[in-house]
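Take a look at the structure below.
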């Protein structure tokens, strides 16, 4: 990444909040507008929800949501199936460049986080702050789960509503690995003892990038520097310990680190076959899902490093020019109900951890959630480490590919 590219990204991010606020439509400026007025305006609207469609479970869950908001609020929810949220960002950016104003866009709601949120915030592509005014936002765990207010070290500022949690998690068959590694240092030691039986997905796969970011956090001299955009002049110095660690690790990986699987699913299958000792995921419930589906044995255990692993929240956001901003808010509020969150957390449905604070729920709402952990679920959650600032992803991935991806 050039100095000019770094500077432009930092400038855009610095301008993001002001640019986003400038797009506030007249209906949102009326502080006296009641929630009942928003729900009344939402009735009869069609909400085009642009969301990743790479999972049958996710797609089925959104079909259920569509039926529920239709019955309760008279909203027609259309799942616009996408493969890359970056394409949605480009589309909304093109609409703004073409002069499309409020209620003239093609996207009403988008599933988003990380770099895509940072880009939309920076370019003023999001509806002015609305998320923290949702009635059900009061049930969100903003203390124990601070990433519900901070997206890859970029403050959400009410521009997106939390939807689900994620935390970097490892899993392994306890028969083969009774004492799993609790740090990157221990993982390196295990790789040296068991050469060829550990690997991670090839970047830019999201899970592979997360593995490398976890190594970055564990090796960097000062973690505080990762909360800010990278400085080009310091990038080589700050990341030098990361590359030394990977240089030492790679010769002991599967195929001597000369090749990397294309996806975490491929690694999961190799764990099931006994070829690899451990797999990795960003969903703490994934192994439980796979055990329930009989694709992994019940002896699989999931864990996170004792000192913590990277975690984040995924969100829904409303573009500045949404045609149905009221309907989008009502859908976002429904996604935060205990019923919707509990269904999403059910491993037979999706298995996506909730953003809600159980202490803020009524006894009836808490009863919606399972009382006991299932086989394969994390039984002792570790601290959540904040993601490096979203702008670290691109230069880290490019440098990894330059060093190891050819």
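The figures follow:
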| read-out | value |
| --- | --- |
| Count - residues of segment 85-114 that are part of a loop (DSSP other than H, G, I, E, B) and in contact (Cβ under 8 Å) with a residue 12 or more places away in the chain | 10 |
| Residue 259, sole failed condition from (1) closer than 23 Å to residue 400 by Cβ; (2) within 24 Å of the chain's Cα centre (by Cα); (3) not in a helix (DSSP H, G or I) | (2) |
| Index of the failed condition, residue 349 passing every other in (1) in the same structural domain as residue 151 (by TED's automatic domain parsing); (2) surrounded by 21 or more Cβ atoms within 10 Å (Cβ to Cβ); (3) modelled with pLDDT under 95 | (2) |
| Criterion violated by residue 302 - all others in (1) free of Cβ contacts under 8 Å to residues at least 60 places away in the same chain; (2) in contact with a strand residue (DSSP E or B) (Cβ under 6 Å, 6 or more places away or on another chain) satisfied | (1) |
| Filter result for residue 313 (under 30 Å from residue 219 (Cα atoms) and touching a residue at least 12 places away in the same chain (Cβ under 8 Å)) | yes |
| Condition met for residue 368 (assigned by TED's automatic domain parsing to the domain that holds residue 294 and either surrounded by fewer than 21 Cβ atoms within 10 Å (Cβ to Cβ) or more than 24 Å from residue 142 (Cβ to Cβ) (or both)) | no |
| Candidates 170, 117, filtered to the one that is in contact (Cβ under 8 Å) with a residue 24 or more places away in the chain, in a helix (DSSP H, G or I) and in contact with a strand residue (DSSP E or B) (Cβ under 6 Å, 6 or more places away or on another chain) | 117 |
| Among the residues listed as 191, 118, the single one being crowded, with 23+ Cβ neighbours inside 10 Å and either modelled with pLDDT under 95 or on the phi > 0 side of the Ramachandran plot (or both) | 118 |
| Segment 281-295, residues that are assigned to a loop (DSSP other than H, G, I, E, B) and either in contact with a helix residue (DSSP H, G or I) (Cβ under 8 Å, 6 or more places away or on another chain) or crowded, with 22+ Cβ neighbours inside 10 Å (or both) | 282, 283, 284, 285, 295 |
| Output for segment 264-280, where each listed residue is surrounded by fewer than 16 Cβ atoms within 10 Å (Cβ to Cβ) and either in contact with a strand residue (DSSP E or B) (Cβ under 7 Å, 6 or more places away or on another chain) or within 11 Å of residue 200 (Cβ to Cβ) (or both) | none |
| Yes/no for residue 327 being at positive phi and either outside the structural domain of residue 238 (by TED's automatic domain parsing) or in a helix (DSSP H, G or I) (or both) | no |
| Unique match (being assigned by TED's automatic domain parsing to the domain that holds residue 349, out of contact with any helix residue (DSSP H, G or I) (no Cβ under 8 Å at 6 or more places or on another chain) and within 22 Å of residue 333 (Cβ to Cβ)) among 145, 101, 139, 96 | 145 |
| Segment 375-399, subset touching a helix residue (DSSP H, G or I) at 6+ places or on another chain (Cβ under 8 Å) and surrounded by fewer than 18 Cβ atoms within 10 Å (Cβ to Cβ), residue modelled with the lowest pLDDT | 375 |
| Some residue of segment 227-246 being touching a strand residue (DSSP E or B) at 6+ places or on another chain (Cβ under 8 Å) and assigned by TED's automatic domain parsing to the domain that holds residue 285 | yes |
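The values are calculated or read from the model by the stated rules, or taken from the named source; none is laboratory data. Everything quoted here is computed from the prediction, not taken from an experiment. Note that we place each Cβ from the backbone using ideal geometry, even for glycine, and neighbour counts take in every protein chain shown.
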